[in-house]
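Note sheet for the following structure.
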Amino acid sequence: MTRAWILPIVLVLCGSAAASGLFAQGSPGRATAFLVGFVLLGGVHSPLFFPKSIGALEAQRRSAVDGKPVVYWRAGCKYCVRLRFRLGRRARQAHWVDIWSDPAGAAAVREANDGNETVPTVFVAGRPYVNPGHAWVREQLSSSGR
């Protein structure tokens, strides 16, 4: 769990250090803007930005029942952030599994990607798709809505 927070914490700390330097130089407005920007960047790369993760086995069970895709992701992955951002509110309809907090999820991704933990990997009807386009994932969410 702590590994998912390393990048967001580093971003906030770096932003704080840079903002302190700007504030010391007499630019409190720029320092505030800089700090807010880094806090937002850290927030987007944190687990808070993603829908609540569930375990891989539970996600597979739910997907078998409702037909919705299972999205395997990890914090700090720019492709995962891009997919999440472009799906917008529809992202909450998919089942999200954080591979850094779920060993079974990481194993499923490694099995689908020749031993690599390449994310996002989206499973639809048990079949893996690596780094699919957001339009395709949105289409899968629409077709699974019963």
Taking square-rooted eigenvalues a ≥ b ≥ c of the alpha carbon gyration tensor, is segment 39-105 rounded, prolate or oblate, where a/c under 1.5 means rounded and, failing that, a/b exceeding b/c means prolate? oblate
For segment 51-144, with the dipole built from +1 on Lys and Arg beta-carbon atoms and -1 on Asp and Glu ones, taken about the Cα centre, which of Asn131, Phe85, Gly55 lies farthest toward the positive end? Phe85
For Leu141, net neighbour charge (Lys/Arg +1, Asp/Glu -1) across residues whose Cβ lies under 9 Å away: +2
Charges only on Cβ, +1 for Lys and Arg, -1 for Asp and Glu: so what's the dipole of the chain about the Cα centre, in debye to the nearest 20? 480
Can you give me the relative contact order of the chain as a percent, contacts being Cα pairs under 8 Å and 6 or more apart? 23
How tilted is helix 6-24 with respect to the longest principal axis of the chain? Cα atoms for both, answer in degrees (0 to 90, nearest 10). 20
Do any cysteines in the chain lack another Cys Cβ under 4.7 Å, and if so which? Cys14
How would you rank Ile99, Ile6, Ile54, going from fewest to most other Cβ atoms within 10 Å of each one's own Cβ? Ile6, Ile54, Ile99
Quick check: net charge around Asn131, other residues with Cβ under 12 Å of its Cβ, Lys/Arg +1 and Asp/Glu -1? +2
With springs connecting C-alpha atoms under 10 Å apart, model the chain as a Gaussian network and identify which of Ala91, Ala107, Ala33 has the largest mean-square fluctuation. Ala33
Under a plain spin-label model, where a point goes 7 Å from the Cα along Cα-to-Cβ, how far apart in nm are Ala33 and Arg62? 4.1
Looks like segment 51-144, by Cα gyration tensor root eigenvalues a ≥ b ≥ c and the a/c under 1.5 rounded cutoff (else prolate when a/b is bigger than b/c, oblate otherwise), is rounded
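FYI, it's all coordinate maths here, none of it is from the lab. The model shown is predicted, which means the values in this text are computed figures rather than measured ones. Counting neighbours? That spans all protein chains shown, and the Cβs are built from the backbone with ideal geometry, glycine included.
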